[in-house]
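Right, one structure below, let's go through it.
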């Protein structure tokens, strides 16, 4: 539940919902938004630190693969904010990479639910509130949305779907003042790669950091009123990935960012 002072004064500051708040880019975005004076409703399965101790951070435990859980969380946020939301930031995601016939069906379902369905459902539930504030929907997709992704066909499909949803949503709601944005980062040093057989290399010029994604979100938010950066692609200066021993069974799969 939100701290009493926040609950009693729902219009003191701007309100943001951030999915994947527990780690990686979502966590970095939460830290940036707190510095900008937002009240954050951070959605994750675990309590993120150090944000959790901040008086303007409200942790929302939610299973983004479960529509009922999403609806329950959205109802709580809408009541707590007085139905005034300024930013929906969809960062949560998961991935599994292998020849398509080797990817378990439950992982395909998981990627579609977390990477694509959850952002669509959350946007539907919050869109009227965002129209009231002329707010932002910012979706963190992936550079894989822009190019073929061998061994990542299903993951790339979800991220391409999220990118196209963002474009279509902007065309639909721009007259209302809502800004729909898609940010597509390349390989980023996050726990996403902990259970994959590849990951970012040690050279900082070959990878992005979560702070890079947070910086892109900040740039989007700080544009003059009337200017919208609808799409951003973030890439490291050089291309290099690190191969790791291949994992199998339950160990394999990109760590969900929640």
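The values are calculated or read from the model by the stated rules, or taken from the named source; none is laboratory data. None of these values were measured; they are calculated from a predicted model. Cβ placement follows ideal geometry from the backbone for every residue including glycine, while neighbour counts extend to all protein chains displayed.
Every residue, every condition in (1) over 18 Å from the mean Cα position of the chain (by Cα); (2) modelled with pLDDT of 95 or more; (3) surrounded by fewer than 16 Cβ atoms within 10 Å (Cβ to Cβ); (4) more than 24 Å from residue 110 (Cβ to Cβ), yes or no:
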position: 48; (1), (2), (3), (4): no, no, no, no
position: 53; (1), (2), (3), (4): yes, no, yes, yes
position: 60; (1), (2), (3), (4): no, yes, no, no
position: 64; (1), (2), (3), (4): no, yes, no, no
position: 67; (1), (2), (3), (4): no, yes, yes, no
position: 71; (1), (2), (3), (4): no, yes, yes, no
position: 78; (1), (2), (3), (4): yes, yes, no, yes
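In summary, residue 156 fulfils each of the numbered conditions (1) over 27 Å from residue 30 (Cβ atoms); (2) touching a helix residue (DSSP H, G or I) at 6+ places or on another chain (Cβ under 7 Å); (3) free of Cβ contacts under 8 Å to residues at least 24 places away in the same chain with the single exception of condition (1). What pairs come up if the first residue lies in the stretch 88-107 and is closer than 30 Å to residue 39 by Cα, the second is in a loop (DSSP other than H, G, I, E, B), and their beta carbons are under 6 Å apart, counting only those six or more places apart or on different chains? So the pair list comes out as 91/20; 92/20; 92/64; 92/258.
Figure legend. Inter-residue proximity from the stretch 120-131: first residues free of Cβ contacts under 8 Å to residues at least 40 places away in the same chain, second residues crowded, with 19+ Cβ neighbours inside 10 Å and in a helix (DSSP H, G or I), beta-carbon distance below 7 Å, spacing 6+ or different chains. No pairs are indicated.
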